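Okay, structure first, notes after.
Read the figures in this text as sums done on the coordinates, not as results from a lab. From a predicted model like this one, the values you see are computed outputs, not experimental measurements.
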């Protein structure tokens, strides 16, 4: 059974996928994880250190999926439920591929 934080994460991911699909995005992977990290965190939590971890996980994903020639763009979906309603914000090109 999922705890409250995991339930919130699953629900938020579903909302993000629905929002991005309505905006014309093609979802190719959700909740990708590797030993290098996980792709996908709310806007406020995407610190420079997390940007590097997300970048490394994205490069790992591209390598494992045979897309080494593809470029990566990082859009962030921030979901806020603090006000009692669900606010969704999509930040396109939120950060560049971060190394080191």
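At-a-glance table
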item: Rounded tilt (10° steps) of 48-64 against the dominant C-alpha axis of the chain; result: 60
item: Paired Rg and Dmax values of the chain, which use every Cα atom, in angstrom; result: 13.9, 43
item: Rel. contact order, % - alpha carbon contacts under 8 angstrom, at least six apart, the stretch 4-95; result: 22
